[in-house]
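I have placed the structure first, in the form of structure tokens, so that the comments after it can refer back to it.
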């Protein structure tokens, strides 16, 4: 039996995403800072992906116990189990602009005048 276009299985296709890690809170200690840096390096070394959720497993493995890792349709976020605020997010550099906790605030352009 041949598969025709009408009954071919649906496979979602995602645009390539350039992943990055934004650490939104100061690391609690040197060990956490090292784990976050290790995760950042893994993400930077990875090729563009179609679905950022692929990084959720790596994040769980690197961060270990004491962290919750969740994913949405186009991001992965990490939080410490004992805090409600997000610790870090893995997002697409092409469509988002999350910043590290210690990054300088962006410089806004002066208002347009005629």
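Sort out which residues of the range 76-97 are farther than 14 Å from residue 40 by Cα and modelled with pLDDT under 90, and write them in order of number.
Within the range 76-97, 94, 95, 96, 97 qualify.
Take the conditions in contact with a helix residue (DSSP H, G or I) (Cβ under 8 Å, 6 or more places away or on another chain), at negative phi and part of a loop (DSSP other than H, G, I, E, B) and apply them to residue 27. Does it pass?
yes
Given the conditions (1) farther than 16 Å from residue 69 by Cα; (2) at pLDDT 95 or above; (3) touching a helix residue (DSSP H, G or I) at 6+ places or on another chain (Cβ under 9 Å), which single one is not true for residue 37?
Evaluating residue 37 over (1) farther than 16 Å from residue 69 by Cα; (2) at pLDDT 95 or above; (3) touching a helix residue (DSSP H, G or I) at 6+ places or on another chain (Cβ under 9 Å) leaves (3) as the failure.
With 42, 18 as the choices, which residue is at pLDDT 90 or above, surrounded by 13 or more Cβ atoms within 10 Å (Cβ to Cβ) and under 12 Å from the mean Cα position of the chain (by Cα)? Talk me through it step by step, then tell me what you get.
On the way: 18 fails: at pLDDT 90 or above.
When all the criteria are applied, what remains is 42.
The values are calculated or read from the model by the stated rules, or taken from the named source; none is laboratory data. Given the structure is predicted, the values throughout are model-derived calculations rather than measurements. Cβ: placed from backbone, ideal geometry, glycine included. Neighbour counts: every protein chain shown.
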